[in-house]
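Enquirer: Handing you a structure now.
Read-outs: derived from the displayed coordinates by stated rules, not from any lab. All figures in this text were calculated on a predicted structure; none of them were measured in a lab. As a convention, Cβ positions derive from the backbone with ideal geometry for all residues, glycine included, and neighbour counts pool all protein chains shown.
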Amino acid sequence: MTTDRSKRNKLFLEKKLEEKIERRTFLKGLATGLGLALFSPEKTANALSFDEFWQKHYKELTPEDKKRIFERIEKQTLERHHTEVKISDHRPMDGVEFVYCLNLSKCNGNRKCVEACQKENNTDRSFSYIKVLEMENGGFNLEKGTTHYLGPVPKEGKFYLPVQCNQCDNPPCVKACPVAATWKEKDGIVVIDYDWCIGCRYCQAACPYEARHFNFRTPEIPENEINPDQGYLSNRIRPRGVVEKCTFCLHRTRVGKLPACLEACPTGARKFGNILDPESDVAKIIKNERVFVLKEELNTLPRFYYFFS
Amino acid sequence: MKNYLIYWQRMVACSLKGSVWYRLWLLFLTAFVLWGAFNYYHHLKYGLITTNMSDAVSWGIGIANFVFFVGIAATAVILVFPAYIFKREDLKSVVIIGELLAFIAIMMCLLFIFTDIGHPERFWHLLPVIGRLNIPNSLLAWDVIVFNVYLVLNLHIPGYLLYQKYRGKPAKKIFYLPLTWISIFFAISIHTVTAFLLVGLGARYFWNTSILAPRFLISAFASGPALLIIIFLVLSHFTTLKIQSSIIDYLRKVMMVTLPVNLFLFLCEFFKEIYPNTLHAASAQYLFFGLDGHNMLTKWIWSAVFMNCVATVLILIPKWSKQNKILIACCVLTIVGIWIEKGMGLIFPGFIPTPLGEIVEYSPNLGEIAVSLGVTALGALIFTLMTKAAVWVLTDKLAHNVPPQ
Amino acid sequence: MILIMQMIKICTMLMIVLIIISCLFFNTFLHAQEDTPATVSSQEELPNEIIKRTPKIEMYRCDECHDSEESFNSKIRPMAKDKDHESITTFHPEKKDDPNFWCNNCHASKNYNKLILQSEEKISFNESYRLCGQCHGPTLKDWKNNIHGKVVGGWLNNKKQHSCTSCHNAHDPKMKQVDPIPEPTRSKKS
């Protein structure tokens, strides 16, 4: 239904555009001009194409659209970053809802997860989806915590609180987005269509966990560190001017693998699994340990649990 | 149709003519527009990295100005309401100016947003049918709707009235009166929805307060009349348009109510935050007294409070406020005071400290100031041109039966 | 008649004594049951595959030196402080000065490449959890539920579980302070 509608719209638009040559040239010029301005410095190679400009919302893409778009992205990545990558689009599995558990007694603040996340998700190296707060024992006032601690860790009288996207079941960011460029998928992961986001940053203001990052600049990634296994909705190299965040490594987790931060953690503090399976590790932890979530009073219903054990 | 085009042609020609000072004023504004445009091009080319905004303070001076000018846009209702509902004839003669101001303010608001987003070329994602507006969930989507409706209303109503006046025909009520009533509703809506946009964020305790919408409206009804008074005094000084003293008097009386009420609401908010002194008041602590040695905004907010207090005292003593010079001083104080209070006094501290408790201060850099000034100058420029033509139409210097000079 | 009475008396006394003795025995038996450390007898009851340790122990295998009868100690003595044992001078730091704590508490006395349980069962290095679990019962239980420790390979299948000595230094199991990876600079300026 929606596909039909958008197809019709597109046809209509294309017809309209062809009717008036001047207008079409103007629009194309506008699009290309903006594209040039937006994706310079390497002029034409990075120009915004007509196809890109009118690209539809992820949910309206047909399989052929996806194939074409993925090929384009792969080509662009090869041109811009000189790396061959594969864009995948794994859909949520049936009967799976992801949950993350983190044992605060074990986390020692070594930031291995931070580093692994950057590499896995092709993020700009100036930030990470994961922020590790060094907190004072004897309180949970986040303002007393700091992310700027220096080694060696763990320090006496401190504990370490890694924070990343909580994949809320009642996500304020999704509610905020004016163009529905971000939404919650069936397995609980909140994703962003980077090609639909207009970069208004309202979702960033809405997030209580500071999970969202805005690409103020084109992401700078060392070419030899680009992860070629890229998900369209997760770790593909983001354009500038859009918002991004942790997706529980959905290009990994939707094929049964574990998130990169978990694999990198040397303390075993991180636990991940399917909450709908009562035999899963996370289900057992939530049943047996006294777990809690951050900022429960905001009723965001996070899928990211903390516990001390 | 042909007549309409001629009308436009004559309007444009008229708006560009004028004394040397008038042209210098236009040139002055154009310079700022160009400066802003150049800096905006810079933003587009290198990305918003060129600004001082960060993940911590992700909205800057653009949004601050946006919030202020939404207030100016809503002000038209101060003229429209009594003119059409209470049928005050003196106001009817100038209500067009107020509606044009609203139109310009809305246009500026949209430009402030447009220049602030990461992908302005994707604006069509906000359009109905071809885009995907997140209605009813997103307050920003609602904002887009009410803004555009208000924009169209405030373009249509004065446009229609002026055209009829130009043609020398009486305006048909059916073509504008119902829309005027609707525009009253939307004037309140734009500012309420903008307030809700901030109030609706549970994560930002500083904004998550039910008093915000009333505060917005009251401060709008203080700063708006102040701006209108200045505009009317300027118009009566430089043009032949008769601004009756009853109009200035009416606006002065509006300010006599709204300025003290604005201070009172400010006090309510101040008390609610500071007295219980919970952890949720960290932003207010930062704003008013500084937090952990960071106090970039304290001097600004206290100077704004000082200005608002002085303005309130000036306006409340009729002996003083009836003198135009003191009234103008009072208006300037009001505008600057409320601009600080609503802009940097409200938007910036909402981000400081961040939800995870980090303090990253923000002050706009020259490029951002240039873009904001450019948008403001563009607004002022278009407003000047439109008002010039409108005044000529209103004073019958420009009509279908008057040959071009 | 009196004799019969006497007999009954004696029998009753005997029975009481017997009951008391059996009670005592039973008691000790019960205690013995409680004292028995939690052990894992076989791999079958573990949900996940355990990652093998032996392939990772290539350098300085114990049996490179301790290969003959005379190279094993028969009596408790402090660890030789020579350069060969530099890295294993302290095991379980809190037990460092305990004279009864020495190599053969954990290593099989004549085969240092095997671990030995309290039950005298010799196990491989791959089953360190059985040894450690003898004292650290609750941790073993958490480990089996993957609350303690680390499972890699996937959340759905192909789960592989690290055993104790994958992360803990067998001779100094308490976790040490480490230097963290530097924080990515928050400043957005390039």
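Enquirer: To two decimal places, what compactness ratio does the range B:156-214 give when its Cα radius of gyration is scaled by 2.2 N^0.38 Å?
Expert: Taking the Cα Rg and dividing by 2.2 N^0.38 Å, one obtains 1.76.
Enquirer: Okay, next question. What do you get for the angle between helix B:2-16 and the principal long axis of chain B? Use alpha-carbon atoms, 0 to 90 degrees, nearest ten.
Expert: 60 degrees
Enquirer: PRE reach from B:ASN148 (point 7 Å along Cα→Cβ): which of the range B:101-121 fall under 19 Å by backbone N?
Expert: From the range B:101-121, the list is B:103-121.
Enquirer: Volume per residue, Å³, of the convex hull around the alpha-carbon atoms of the range B:123-183? Can you show the working numbers first?
Expert: Values: hull volume 6.2 nm³, N = 61.
So the per-residue Cα hull volume is 102 Å³.
Enquirer: Let me ask another. By the scheme Lys and Arg +1, Asp and Glu -1, what is the net charge of all other residues having a beta-carbon under 15 Å from that of B:ASP292? Provide the component values of the computation, followed by the final result.
Expert: Values: positive: A:LYS144; negative: A:GLU136, A:GLU143, B:GLU358, B:GLU361.
Result for the local shell: -3.
Enquirer: Summarise the partner chain shielding of C:142-151 as one whole number: the mean count of Cβ atoms from other chains within 10 Å of each residue's Cβ. All intermediate terms of the calculation are to be shown ahead of the outcome.
Expert: On the way: counts 5, 1, 0, 6, 9, 12, 6, 3, 11, 7.
Per-residue shielding by partner chains comes out at 6.
Enquirer: Loop only per DSSP, at most 14 neighbouring Cβ atoms within 10 Å: give me the trypsin sites (Lys or Arg not before Pro) in the range B:1-103, ordered by residue number.
Expert: Numbers: sites: B:LYS2, B:ARG10, B:LYS17, B:ARG23, B:LYS45, B:LYS87, B:ARG88, B:LYS92; in loops: B:LYS17, B:LYS87, B:ARG88.
Sparse-neighbourhood loop trypsin sites (Lys or Arg not before Pro): B:LYS17, B:LYS87.
Enquirer: In addition: Above 18 Å lies some portion of the pair distances; for the range B:208-365, what is it as a whole percent of all C-alpha pairs?
Expert: For the range B:208-365, the share of Cα pairs beyond 18 Å comes to 60 percent.
Enquirer: Hull surface divided by four, with the convex hull built on the Cα atoms of the range A:53-156: how many nm²? List each step's numbers first, then the result.
Expert: Numbers: hull surface 44.2 nm².
Directional mean of the projected Cα hull area for the range A:53-156 stands at 11.1 nm².
Enquirer: Over all distinct Cα pairs, what is the inverse of the mean 1/r for the range B:13-394, reported as the Kirkwood hydrodynamic radius in Å?
Expert: 21.6 Å
Enquirer: Also, quick follow-up: If I model a spin label as a point 7 Å beyond the Cα along the Cα-Cβ vector, how far apart are those points for B:ALA31 and A:PHE292 in nm?
Expert: For the pair B:ALA31/A:PHE292, the computed spacing is 6.0 nm.
Enquirer: Further question on the same structure: What do you get for trypsin sites (Lys or Arg not before Pro) in the range A:151-246 restricted to DSSP loop and a cutoff of at most 12 other Cβ within 10 Å of the site's Cβ?
Expert: Within the range A:151-246, the qualifying trypsin sites (Lys or Arg not before Pro) (loop, at most 12 other Cβ atoms within 10 Å) are A:LYS186.
Enquirer: Take the Cα gyration tensor of the range A:88-309, multiply each eigenvalue by 5, square-root it, and list the three semi-axes largest first, rounded to whole angstrom.
Expert: 25, 21, 18
Enquirer: Between B:TRP302 and B:PHE270, what length comes free when the chain is fully extended (0.36 nm per residue of separation minus the Cα-Cα distance, one decimal in nm)?
Expert: 10.3 nm
Enquirer: Let me ask you something else. Using a Förster distance of 30 angstrom, determine the FRET efficiency expected from the C-beta separation of A:GLU64 and B:ILE135, and round it to 0.05. Working shown, then result.
Expert: Working: r = 29 Å, r/R0 = 0.98.
For A:GLU64 and B:ILE135, the calculated efficiency is 0.55.
Enquirer: What does the structure give for A:139-151 when I average, per residue, the other chain Cβ atoms found within 10 Å of the residue Cβ? Could the numbers behind the result be given before it?
Expert: Numbers: counts 0, 0, 3, 8, 10, 2, 3, 4, 6, 4, 2, 4, 6.
The per-residue average across the peptide is 4.
Enquirer: If you filter the range A:246-309 for trypsin sites (Lys or Arg not before Pro), then keep DSSP loop positions with at most 14 other Cβ within 10 Å, what is left?
Expert: Numbers: sites: A:ARG252, A:ARG254, A:LYS257, A:ARG270, A:LYS271, A:LYS284, A:LYS287, A:ARG290, A:LYS295, A:ARG303; in loops: A:ARG254, A:LYS257, A:ARG290, A:LYS295, A:ARG303.
Of the trypsin sites (Lys or Arg not before Pro), the ones in loops of the range A:246-309 whose Cβ has at most 14 other Cβ atoms within 10 Å are A:ARG290.
Enquirer: What is the log10 of I(q)/I(0) for the protein assembly as shown, computed with the Debye formula using one identical point scatterer on each Cα and no solvent, at q = 0.08, 0.09, 0.11 Å⁻¹?
Expert: Once normalised to I(0) and log-transformed, intensities are -0.85, -1.00, -1.33.
Enquirer: Continuing with this model, one more query. Between C:GLU69 and B:LYS322, what is the label-to-label distance in nm when each label sits 7 Å out along the Cα-to-Cβ direction?
Expert: In this crude spin-label approximation the distance works out to 12.5 nm.
Enquirer: May I pose another question? What does the charge count near A:HIS90 come to, summing +1 for each Lys or Arg and -1 for each Asp or Glu among other residues with Cβ under 14 Å from its Cβ?
Expert: +3
Enquirer: Ok, one more. Counting partner chain Cβ atoms within 10 Å of every residue's Cβ in A:56-63, what's the average?
Expert: Counting other chains' Cβ atoms within 10 Å and averaging over A:56-63 gives 1.
Enquirer: Let me ask something additional. For the pair A:GLU136/B:PHE123, report the inter-label distance in nm, with labels modelled 7 Å from Cα in the Cβ direction.
Expert: Roughly 5.0 nm, to one decimal.
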